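FYI, it's all coordinate maths here, none of it is from the lab. Keep in mind that this is a model prediction, so the values were computed, not measured. FYI the Cβ positions are ideal-geometry reconstructions off the backbone, even for glycines, and counts take in every protein chain you see.
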């Protein structure tokens with residue numbers, strides 16, 4: 001089989017308009033690779049995708065450098081198929097020509113460690129060349145570093161986070177470590193490229209310019225396109241969550257016994273489904289020739305990644321789920337997001353979005369930009385106790401209630417004020433009179 005090569009291709013199953021950027025190569029030219037082994041990482045505006053080797057062999061060509069835009073199905077490189085066992089990684093910088101590669105036996109831990117596979121309490125941990133370099137440079141034990149990559153694999157970010165948690169070194173050592181870490185994290189970057197998020201230049205006024213990463217660029221383009229496409233109008237209502245809080249307090253332990261956290265978001269999704277049934281036009285997409293109203297209610301939940309941007313994982317077919325089913329789906333998404341395990345399908349197919357901006361303290365946000373090509377987005381403000389007037393036994397009384405502002409920002413090409421207010425009225429009524 002010597003001399004035969006197989007192309008490494010970018011995923012071709014992404015939705016139209018999806019932008020991909022090659023973040024990094026996990027293998028270098030000349031490295032041996034195993035079939036289905038992760039060898040590169042791509043980033044879209046929503047998730048990070050791993051590119052796996054289509055066959056075992058040697059990475060003989062890298063066609064696209066880190067930082068470059070990638071098209072659907074584009075060739076990224078070549079793997080030369082060779083007639084040897086390539087399941088064990090070679091040393092960084094070694095010639096991985098297959099003819100004279102020394103493959104250690106599976107039962108020889110010492111030789112496996114030399115070839116880049118470390119043994120710890122958790123068992124065998126595969127290290128990519130760049131991770132191996134960092135580990136050796138800082139004389140770390142990989143068994144002590146929690147891995148967040150696929151299958152528990154240790155990533156460069158895991159090593160850098162581990163280093164940050166260690167006692168601070170002297171200033172000169174710290175500066176050296178940071179410089180080395182930044183260099184190793186972008187070893188595969190093309191000449192002249194700067195690490196994403198790193199200060200690269202200073203202005204005469206003393207400020208610094210930080211290059212946008214692919215996620216921030218994609219978010220910026222998406223937001224501008226949405227505002228340019230749809231006339232945004234926002235309606236604001238107020239909701240009393242007294243019954244929701246009582247129901248949650250009563251049932252939370254029951255849900256926890258099933259491994260599910262009952263969050264307010266589950267109630268908001270359920271109430272959104274009820275509102276969609278009253279005003280189906282909100283669950284739609286505008287086309288020049290007509291309005292496409294979806295039968296499935298697929299609700300995305302805007303999830304902030306601190307200062308790195310946001311993603312919108314989707315609860316699909318929410319109309320078929322009970323409160324427990326919604327909460328279980330949310331728990332699954334949350335756990336996999338924490339483990340960096342979201343798949344492209346988890347962030348695709350949304351027909352409506354909820355932005356729970358109140359979790360970070362804001363009472364009102366308007367307008368919240370619509371997640372195109374959807375027709376509306378719901379905003380949930382901070383839950384806080386407020387004094388309100390209620391009629392009790394025929395008389396007005398001031399009482400303290402858990403209140404929140406809720407807004408619906410709509411595409412005015414699709415939805416009018418009457419439909420907007422009807423949707424919000426149903427949403428609020430469902431929560432204020434919660435029964436299940």
>> Quick check: pseudo-label points 7 Å beyond the Cα along Cα→Cβ at residue 7 and residue 234, how many nm apart are they?
In response: 4.7 nm
> When the Kirkwood radius is taken over all Cα pairs of segment 32-84, what Stokes-Einstein diffusion coefficient follows at 10 °C and 1.306 mPa s, in µm²/s?
Replying inline: 133 µm²/s
> Order of 298-304, 209-215, 222-228 by packing, highest average Cβ count within 10 Å first?
Replying inline: 298-304, 209-215, 222-228
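Does segment 230-432 come out rounded, prolate or oblate, given a ≥ b ≥ c as the square roots of the eigenvalues of its C-alpha gyration tensor, rounded meaning a/c under 1.5 and, failing that, prolate meaning a/b above b/c? Please report the intermediate quantities before stating the final value.
Working: a/c = 1.64, a/b = 1.13, b/c = 1.46.
Oblate shape, in that a/c is at least 1.5 and b/c is the bigger or equal ratio.
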> So, in Å, what gap is there between the alpha-carbon centers of segment 52-81 and segment 272-325?
Replying inline: 36 Å
> What's the FRET efficiency of residue 433 with residue 203 using the Cβ-Cβ distance as r and R₀ = 56 Å, to the nearest 0.05?
Replying inline: 0.50
>> Quick check on packing: order 262-268, 236-242, 250-256 by the mean number of other C-beta atoms within 10 Å, highest mean leading.
In response: 262-268, 236-242, 250-256
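I need the peptides 355-361, 283-289 ranked by packing, meaning the mean over residues of other C-beta atoms within 10 angstrom, with the highest value on top.
Values: 355-361: 16.6, 283-289: 14.1.
The packing order, highest mean first, is 355-361, 283-289.
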> Residue separation times 0.36 nm, minus the C-alpha to C-alpha distance between residue 317 and residue 385: what's the value?
Replying inline: 21.2 nm
> Taking only C-alpha pairs under 8 Å that are 6+ residues apart, what is the relative contact order of segment 319-436 in percent?
Replying inline: 19 percent
